[in-house]
Structures are given as C-alpha cells and as structure tokens.
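J.: Sharing a structure here in structure tokens format.
The values are calculated or read from the model by the stated rules, or taken from the named source; none is laboratory data. All of these numbers come straight from a predicted model, not from anything done at the bench. Ideal geometry is used to build each Cβ from the backbone, glycine not excepted, and the neighbour counts take in all protein chains shown. In case anyone asks, the SASA skips ligands and DNA or RNA and just uses the protein heavy atoms, side chains included. Shrake-Rupley method; radii C 1.70, N 1.55, O 1.52, S 1.80 Å.
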Amino acid sequence: MALSYNHQLRHFRPAAPFVGEYAPLGDKSLSHRALLFAALAEGESEIRNFPASGVIFAMMRCLRALGVECSLDEATHVLRVKGVGLRGFKDPEGPLDCGNSATTLRLLAGVLAGAGVTCTLTGSAGLCKRPMGRIVEPLRMMGAEITATNGCAPLTIRPAKLTGISYTLPVASAQVKSCLLLAGLYADAPTALLEPGPSRDHTERMLAAMGVQVRTVERPAYGAVMLPFTGTLQPLNLDLPGDISSAAFLLVRAYLLPGSDFRIRRVCINPTRTAILEALQRFGADLTFEHEGLLAGEPVADLHIRHRPIAPSFEPITFAGECIVRMIDELPALLIAAALTPAITSIRDAAELRTKESDRIRLMVDGLRAFGLEVEEAPDGCRLKGRSAPLLPPADPIAIHTAGDHRVAMCFALLATQTEAAVEIDDFDCVRESFPDFFALCGL
Ligand code: S3P
C-alpha cells in the first residue's frame, strides 16, 4: 500500500533549485489511442514507453472485458497487445467501467457503436456527471443504437449499421472528433468533421499510419476527413513520445524556483499541444527546444528550461481563442506560473475547463484566493494579478480542495513551494491517476 498524501498539513518549500533531467513516460492521449487501436488491429503490437497510470488502466480493463489480451511490463514499460480486428470484440459480461477516464469512455463509445457488440459504458460518479450528449447525438446521426442517462453515462450501445456524416462539432474536442472518426471506421460513407478550434490530431496521425485514409483539416477551418475503410488495421510497433501535460508541471516548477535548470527529454511537441510552451515563453521563460525529431509520427524535442527573473509586464497578458484549445489540459498549470509573473493574466474562451475532471475554473480560482492572490472569476476563464516575490505567509494554514482532480492537486503543490505557510491538499493521492513520478521528482 503506497503512502497516502491526502489531508497532510505540510510545508512544501523546497531547499534546492530544480536541477536535472527527466524523460516522461508516454503521452496519455497517445497511450489511450495506441492501446485501443492496437486492440482493433490484426496481429500483435508492441508499444514502448507506455505509462502505468490510473487513467490508462481504465482503457486496459475495458478492452480485457471485451476479450482483448494485453500485458504491460511495469518495469520496462513495454505493452503487448493481441489485436482482435475491427469486429473481434466479444460481448462483455457486465458494464465496462471507465473509472475517471473520459478519453476511455468517449473513444470506446465510437468503436463500440460499430463493432457489433451489446454493452454498457459507465465510470466513476464524477465521470457520470460529464456531458455525453456531445457524442451521443452525432453517433445517432451515424445510425448508432445508443442511449444515455440524462445526457450522461451510463451509455448503452447495441449493434447497428453506421453511415458517414458531415458534422460540425459545437465545441472543439479531440475526444468527440476521435469518437466519431472511430465510428467512421465502420461507416459505409465518408466522415467529415469540422470544429471551432484545432483540437489534438493524434487519432488522425495514428490511424493514417495504420492504413486508414484520413487527414487533418487546418486553417481557416479545423477538423478531419476520413474515407470509408474496408481493410484491416496494421499492428503498431512504436516508442511513445513523452507526455507534454506532465512536462508542463515540471516546466512550471523550474519557472518558479530560482537557480533551476531542467531538461525534459523526448516530449511530444505536436503543434496542437504546444500552446503552454508558447505561453511560458510569452511570460519571459528561458525555454528552448533541443534535439527536435519525429517519433511514432509525432514531432518530439527535449525541452530545456532555466529559471530567470521575469520582468514586470504593464500590459495585461491575455490567452484566448485557438491557443486555449491547444493547452486545454495545461491551463491550470499556466495559472500557477501566472501567479508568480508580475503581470495581469487573463484567460478567456475556456468554458470547457468547467467540464473536465472538475470545474477547473472554480477550483483554481478558489485555490489561488486561498494563497492570498487577487483573481476574478468569469464564466469562461479568469483574470489573475500575479506577484513578483515569493508569496507572503498567510496567518493560517492554507486548505486546498481538489475534488479529486489530479491536475488541481499538482498545481497547488507547486504553488505551495512559494509560501512559508503550511498547506493541506485534501486529495493528493489522485496524482497517481496521471503522473505517479511527480512525488519523487518533486521530492514529496
Ligand atoms: C483528450 C482531449 C481533451 C483533453 C483530455 C484528453 C484526448 O479533451 O482535455 O484530457 O485524449 O483526446 P477534449 O477533447 O474533450 O477537450
């Protein structure tokens, strides 16, 4: 049983700068896709640098219940999957438990809509509150037999014959786009999707490498187009690029701590994911890319960050529009960097943040205020007045409510390094969901 970090009142202030290097395990979005697509391939796949974290175990558990053999060696991080083909799933014996993972649920729903099985997709209480109408409605337009529970999971799916559609997503979402593309693998006509912003295109890249005719649409419109698929998916043999969403927390740690000099190896720098890097550079971070290359069809680089004092900005710094989509998971970490940047930072067009593992706007605003920061909440973001010096010690210990959201917990552990006050994070164990190495790396 691992040590529990929940409800510990502690001082997070580190003794030393953040110096060294780290190669993160595979990006979570890529890992979900590699595992699922390998299950749909014909033949055996080998996927290296595969992470062993809670959200990925959810996908593995569901695929096993559908009759897929897969094994992860947690020491070497090598995953082996015996693909069953596009129509090789068996009916599961009970509901498929997606835990806390919306990526698992939404991507699987797309596949299961066409795969000819009867099943129910469910998950944690939190997951069952997240909006699923956004996949259910277009899947029905494709002919899927799918029912939701008040627009949420549990979702029940029965065998159906699918057709392709042309559809505009109301919000930019790679989960919705990927769900519909995966359903499109079973459709008898092309699937054409448009969306209001450039959501991550890992599904398009990986399916194309496996033999599907699919391409990303970019500027002025965003989306993806896929032709009907009649072949079989080729198995995968690849090394996963490192997770930029985990890297973001390490970058912010180095950004905050004087004397820091840190390299993060082989990070996925797909342009649909890199807005966090551009944002830190806009604040003035000394962040450079080294050894750029390609890995598993994705651009990668080593990220090198050195702490430097940040000059005050008298102009407010606003993040809005397409960059929000490209850093949707990193916005909480960006707010922590903004808290120690002497400028006013505004986040706009980010209402989607309220539909993630928690209402991340509300929890971030509450937590930043608990640290004594001035922050105004807006329906689609917030406006934060950053400081240049370490935060003053508040009179009382600081209590942080995370709603079990791993990113919120990591954010406030980082901010806690900037105060002498003791901080209590109500659920810190949830970090194991996505970044189990965070504790050791940050000396916690
Ligand atoms: C993901 C897409 C994003 C992101 C999530 C992972 C994916 O969700 O927030 O953590 O792997 O496709 P949306 O596409 O719904 O914004």
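J.: Has the stretch 199-206 got any residue that is among the aliphatic types (A, V, I, L, M), under 26 Å from residue 433 (Cβ atoms) and without any contact (Cβ under 8 Å) to a residue 40 or more places away in the chain?
T.: To start, the set of residues in the stretch 199-206 that are among the aliphatic types (A, V, I, L, M) comprises 206.
Applying the additional criterion that residues be under 26 Å from residue 433 (Cβ atoms) yields 206.
Still in the running and without any contact (Cβ under 8 Å) to a residue 40 or more places away in the chain: none.
Among the residues of the stretch 199-206, not one is among the aliphatic types (A, V, I, L, M), under 26 Å from residue 433 (Cβ atoms) and without any contact (Cβ under 8 Å) to a residue 40 or more places away in the chain, which makes the answer no.
J.: So which residues in the stretch 162-179 are more than 9 Å from the ligand (Cβ to nearest atom) and in contact with a strand residue (DSSP E or B) (Cβ under 6 Å, 6 or more places away or on another chain), if there are any at all?
T.: Answer for the stretch 162-179, where residues must be more than 9 Å from the ligand (Cβ to nearest atom) and in contact with a strand residue (DSSP E or B) (Cβ under 6 Å, 6 or more places away or on another chain): 162, 163, 164, 166, 167, 168, 169.
J.: Checking residue 220 against (1) in contact (Cβ under 8 Å) with a residue 12 or more places away in the chain; (2) out of contact with any helix residue (DSSP H, G or I) (no Cβ under 9 Å at 6 or more places or on another chain); (3) not basic (Lys, Arg), which single condition isn't satisfied?
T.: Of everything listed in (1) in contact (Cβ under 8 Å) with a residue 12 or more places away in the chain; (2) out of contact with any helix residue (DSSP H, G or I) (no Cβ under 9 Å at 6 or more places or on another chain); (3) not basic (Lys, Arg), residue 220 misses just condition (1).
J.: For the stretch 12-27: of the residues being touching a Phe, Trp or Tyr at 6+ places or on another chain (Cβ under 9 Å) and closer than 21 Å to residue 50 by Cβ, which is surrounded by the fewest Cβ atoms within 10 Å (Cβ to Cβ)?
T.: So, considering only residues that are touching a Phe, Trp or Tyr at 6+ places or on another chain (Cβ under 9 Å) and closer than 21 Å to residue 50 by Cβ, the one surrounded by the fewest Cβ atoms within 10 Å (Cβ to Cβ) is 21.
J.: Additional query: Kindly provide the set of residues from the stretch 1-42 that are more than 30 Å from residue 70 (Cα to Cα) and assigned to a loop (DSSP other than H, G, I, E, B), ordered by number. Talk me through it step by step, then tell me what you get.
T.: In the first step, residues of the stretch 1-42 are kept if they are more than 30 Å from residue 70 (Cα to Cα); the result is 5-21.
Residues satisfying the conditions are 5, 6, 7, 11, 12, 13, 14, 15, 16, 17, 18.
J.: What tally of residues in the stretch 2-37 results from selecting those that are within 16 Å of the ligand (Cβ to nearest atom) and aliphatic (A, V, I, L, M)?
T.: We begin by selecting, within the stretch 2-37, every residue within 16 Å of the ligand (Cβ to nearest atom); these are 24-37.
Within this subset, residues satisfying the condition of being aliphatic (A, V, I, L, M) are 25, 30, 34-36.
So the answer is 5.
J.: I'd like the residue in the stretch 392-444 that is in a loop (DSSP other than H, G, I, E, B) and aliphatic (A, V, I, L, M) and, out of all such residues, is surrounded by the fewest Cβ atoms within 10 Å (Cβ to Cβ).
T.: Looking only at the stretch 392-444, we keep the residues that are in a loop (DSSP other than H, G, I, E, B), and these are 392-397, 401-405, 417-422, 426-428, 434-437, 442-444.
Then keep just the ones that are aliphatic (A, V, I, L, M); that gives 392, 395, 403, 421-422, 444.
Details: 392: 13, 395: 7, 403: 16, 421: 21, 422: 18, 444: 16.
Per the stated criteria, the residue is 395.
J.: For the stretch 247-282, give me each residue that is open to solvent by 10 Å² or more (accessible area, probe 1.4 Å) and among the hydroxyl-bearing types (Ser, Thr, Tyr).
T.: Answer for the stretch 247-282, where residues must be open to solvent by 10 Å² or more (accessible area, probe 1.4 Å) and among the hydroxyl-bearing types (Ser, Thr, Tyr): 255, 272, 274.
J.: Considering only the stretch 182-214, state which residues are more than 22 Å from residue 234 (Cβ to Cβ), within 12 Å of the ligand (Cβ to nearest atom) and open to solvent by less than 20 Å² (accessible area, probe 1.4 Å).
T.: 195, 197, 198, 199
J.: Identify the residue in the stretch 96-114 that is part of a helix (DSSP H, G or I) and within 12 Å of the ligand (Cβ to nearest atom) and, among all such residues, is nearest to residue 357 (Cα to Cα). Spell out the reasoning first.
T.: Here is the first cut: in the stretch 96-114, the residues part of a helix (DSSP H, G or I) are 102-114.
Going one step further and asking which of them are within 12 Å of the ligand (Cβ to nearest atom), we end up with 102-107, 110.
Values: 102: 8, 103: 11, 104: 13, 105: 13, 106: 14, 107: 16, 110: 21 Å.
Across the stretch 96-114, the extreme among qualifying residues is 102.
J.: Taking the stated definitions as given, is residue 158 more than 27 Å from residue 351 (Cβ to Cβ) and modelled with pLDDT of 95 or more?
T.: Details: more than 27 Å from residue 351 (Cβ to Cβ): yes; modelled with pLDDT of 95 or more: yes.
So residue 158 fits the description; yes.
J.: Here's a follow-up. Might you check whether a residue that is more than 12 Å from the ligand (Cβ to nearest atom), in a helix (DSSP H, G or I) and farther than 27 Å from residue 283 by Cβ occurs anywhere in the stretch 219-235?
T.: Of the residues in the stretch 219-235, the ones more than 12 Å from the ligand (Cβ to nearest atom) are 219-235.
Checking the rest, the ones that are also in a helix (DSSP H, G or I) come to none.
The answer is no, given that none of the residues of the stretch 219-235 is more than 12 Å from the ligand (Cβ to nearest atom), in a helix (DSSP H, G or I) and farther than 27 Å from residue 283 by Cβ.
J.: Which residue is farthest from the ligand (Cβ to nearest atom), if the candidates are limited to the stretch 346-372 and must be open to solvent by less than 10 Å² (accessible area, probe 1.4 Å) and closer than 16 Å to residue 414 by Cβ?
T.: Restricting to residues being open to solvent by less than 10 Å² (accessible area, probe 1.4 Å) and closer than 16 Å to residue 414 by Cβ, the top hit is 371.
J.: Please indicate, with yes or no, whether at least one residue in the stretch 167-181 is surrounded by fewer than 17 Cβ atoms within 10 Å (Cβ to Cβ) and within 26 Å of residue 90 (Cβ to Cβ). Lay out the reasoning, then the answer.
T.: If we filter the stretch 167-181 for residues that are surrounded by fewer than 17 Cβ atoms within 10 Å (Cβ to Cβ), which is where we start, we get 168, 170-171.
Filter once more, so that each one left must be within 26 Å of residue 90 (Cβ to Cβ): none.
No, there is no match, as no residue in the stretch 167-181 is surrounded by fewer than 17 Cβ atoms within 10 Å (Cβ to Cβ) and within 26 Å of residue 90 (Cβ to Cβ).
J.: Which condition number in (1) at pLDDT below 95; (2) surrounded by fewer than 21 Cβ atoms within 10 Å (Cβ to Cβ) is the one that residue 93 fails?
T.: Condition not satisfied by residue 93: (1).
J.: When both residues are 6+ apart or on different chains and their Cβ atoms are under 6 Å apart, which pairs have a first residue that lies in the stretch 101-117 and is more than 14 Å from residue 84 (Cβ to Cβ), and a second that is among the charged types (D, E, K, R)?
T.: What qualifies is 102/130.
J.: Another one. For the structure I just gave you, tell me whether residue 301 is of a type in the set (Gly, Ala, Ser), modelled with pLDDT of 95 or more, assigned to a helix (DSSP H, G or I) and touching a strand residue (DSSP E or B) at 6+ places or on another chain (Cβ under 7 Å).
T.: Numbers: of a type in the set (Gly, Ala, Ser): yes; modelled with pLDDT of 95 or more: yes; assigned to a helix (DSSP H, G or I): no; touching a strand residue (DSSP E or B) at 6+ places or on another chain (Cβ under 7 Å): yes.
So residue 301 fails the test.
J.: If we keep just the residues of the stretch 227-246 that are aliphatic (A, V, I, L, M) and open to solvent by 10 Å² or more (accessible area, probe 1.4 Å), which is farthest from residue 17 (Cα to Cα)?
T.: As a first pass, look at the stretch 227-246 and keep what is aliphatic (A, V, I, L, M): 227, 233, 236, 238, 240, 244.
With the extra rule that they be open to solvent by 10 Å² or more (accessible area, probe 1.4 Å), the set shrinks to 227, 236, 238.
Working: 227: 52, 236: 40, 238: 35 Å.
Here the answer is 227.
J.: Across the stretch 321-376, which residue is nearest to residue 246 (Cα to Cα) among those that are polar (S, T, N, Q) and in a loop (DSSP other than H, G, I, E, B)? Don't jump to the end; show me each part of the working.
T.: To start, the set of residues in the stretch 321-376 that are polar (S, T, N, Q) comprises 341, 345-346, 355, 358.
Keeping just the survivors that are in a loop (DSSP other than H, G, I, E, B) gives 341, 358.
Values: 341: 21, 358: 18 Å.
Among residues in the stretch 321-376 that are polar (S, T, N, Q) and in a loop (DSSP other than H, G, I, E, B), the one nearest to residue 246 (Cα to Cα) is 358.
J.: Taking residue 154 as the residue in question, decide whether it is assigned to a loop (DSSP other than H, G, I, E, B) and in contact with a Gly (Cβ under 9 Å, 6 or more places away or on another chain).
T.: Values: assigned to a loop (DSSP other than H, G, I, E, B): no; in contact with a Gly (Cβ under 9 Å, 6 or more places away or on another chain): yes.
Spelling it out, it is not the case that residue 154 is assigned to a loop (DSSP other than H, G, I, E, B) and in contact with a Gly (Cβ under 9 Å, 6 or more places away or on another chain).
J.: In this structure, is residue 286 of a type in the set (Asp, Glu), away from the ligand (no atom under 16 Å from the Cβ) and either closer than 21 Å to residue 417 by Cβ or open to solvent by 50 Å² or more (accessible area, probe 1.4 Å) (or both)?
T.: Numbers: of a type in the set (Asp, Glu): yes; away from the ligand (no atom under 16 Å from the Cβ): yes; either closer than 21 Å to residue 417 by Cβ or open to solvent by 50 Å² or more (accessible area, probe 1.4 Å) (or both): yes.
Answer is yes for this residue.
J.: Looking at the stretch 43-64, which of its residues are of a type in the set (A, V, I, L, M, F, W, C) and in a strand (DSSP E or B)? Lay out the reasoning, then the answer.
T.: The first filter runs over the stretch 43-64 and keeps only residues of a type in the set (A, V, I, L, M, F, W, C), leaving 47, 50, 52, 55-60, 62-63.
Matches in the stretch 43-64: 47 only.
J.: Pick out the one residue from 136, 117 that is open to solvent by less than 40 Å² (accessible area, probe 1.4 Å), assigned to a helix (DSSP H, G or I) and modelled with pLDDT of 95 or more. So that I can check it myself, show each step before the final result.
T.: Values: 117 fails: assigned to a helix (DSSP H, G or I).
None of the others qualify; the one that does is 136.
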